[in-house]
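First up is the structure itself, then whatever we jot down about it.
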Amino acid sequence: MKTNRTKLAPATRRLVAEVYGRLDYGALGPIYCYEGGDEFWRVKRGLCHRLGNRVAVLLRKKLPRRGRSLYVGAGVAELPALIMETMERDRAVEPYNLRRTEVVTLNRACRSVPVTFRAVDAGRAKGLFDHLWMVSVLNDPERFPHLSPLSYGRSNPLTLDPVKFNRERRIVRALVACCMGKLAKPGLVTTTTEEVLWIAEWCHRHRVPYLVGKRYYPTAIVGDPICFIQIGKE
């Protein structure tokens, strides 16, 4: 497939638009926003589409053809990247998401593309992958309410519970170890600037060389800027 350096291929753009058009935003509203879900998606829907396409173009330049990508905590914002990988790089993608209602909604919308979301822990993924996508997972305030504020520099030393914080830190380290253990070397990690330190810590512990990209790119839903990390490249 002939590619434009700054845009997704027309067929890919059409599929991305079709999938976003089929999404049940009414069902997604309560998942992403406790109240005001309709207003949330009125603002975020177009942003997800535009910024998602932009990140997908950047990712296309970095991924080899016919590889495998593991997406941890993937959802609406990851759709352009997932579709691009299958359509333009002939790659296999495995997106994991523990929110079953969202997975059902996403899979209904993705019926015309070779992308299937899985409502199980990403630790159950089999084999090796040359790309790991882990964006706004390790600093999720719902899953890690005691660790997340520290990630964003908003922790209150008067209310920090060290026992709960340490428990969450152990969980995050275990998740990183599990997923990084599935990454072939050399490989690529897509993550947020706030989560880089967890990947870097794992690399230091295992004496694996890594290089964090100098450019950051905005995301639509959480707003955390993402970057690309080359892993195991001498």
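Taken together, the values in this text are just the output of simple stated rules run on the coordinates, not laboratory data. Keep in mind the model is a prediction, meaning the values are calculated, not measured. Using ideal geometry, Cβ is built from the backbone for each residue, glycine included, and neighbour counts are taken over all protein chains shown.
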Between the residues Ile199, Val104, Ala9, the Cα farthest towards the positive end of the dipole of the chain, that dipole coming from +1 and -1 charges on the beta-carbon of Lys, Arg, Asp and Glu, is from Ala9
Neighbour-count ranking for Lys164, Lys126 (other C-beta within 10 angstrom, fewest to most) reads Lys126, Lys164
Assuming 0.36 nm per residue, please report the length gained on full extension of the stretch Ile31 to Ala17 beyond their Cα-Cα distance. 2.9 nm
Treating only the Cβ of Lys, Arg, Asp and Glu as charged (+1, +1, -1, -1), what charge dipole size does the chain show about its Cα centre? Round to the nearest 20 debye. 960 debye
What's the magnitude of the charge dipole for segment 67-161 around its Cα centre, counting Lys and Arg as +1 and Asp and Glu as -1 at the beta-carbon? Answer in Debye, nearest 20. 280 debye
Using distinct alpha-carbon pairs, which all enter the 1/r mean, Kirkwood radius of the chain in Å: 18.3 Å
From the phi angles alone, apply the Karplus equation (6.51, -1.76, 1.60; θ = phi - 60°) to segment 145-154 and give each ³J(HN,Hα) in whole Hz, x where the residue is Gly or Pro. x, 9, 8, 4, x, 5, 4, 9, x, 10
The chain: relative contact order as a whole-number percent, Cα under 8 Å and 6+ apart: 18 percent
Taking the chain and counting helices only, DSSP H stretches of n ≥ 4 at -39,500 (n - 2.57) each over all residues, the nearest-500 ellipticity at 222 nm comes to -13000 deg cm²/dmol
Indicate, rounded to the nearest 5 percent, the antiparallel portion of the DSSP beta bridges found entirely in the chain. 40 percent
For Val163, project a label point 7 Å along Cα to C-beta. Then give me every residue of segment 121-148 with its amide nitrogen under 14 Å of that point. none
Output the pairs from Lys61/Lys185; Lys61/Lys233; Lys62/Lys185; Lys7/Lys62; Lys126/Lys185; Lys126/Lys164 with a Cα-Cα distance over 20 Å in this structure; if there are none, say none. Lys126/Lys164
Can you sort Trp41, Trp198 by how many other beta carbons sit within 10 Å, fewest first? Trp41, Trp198
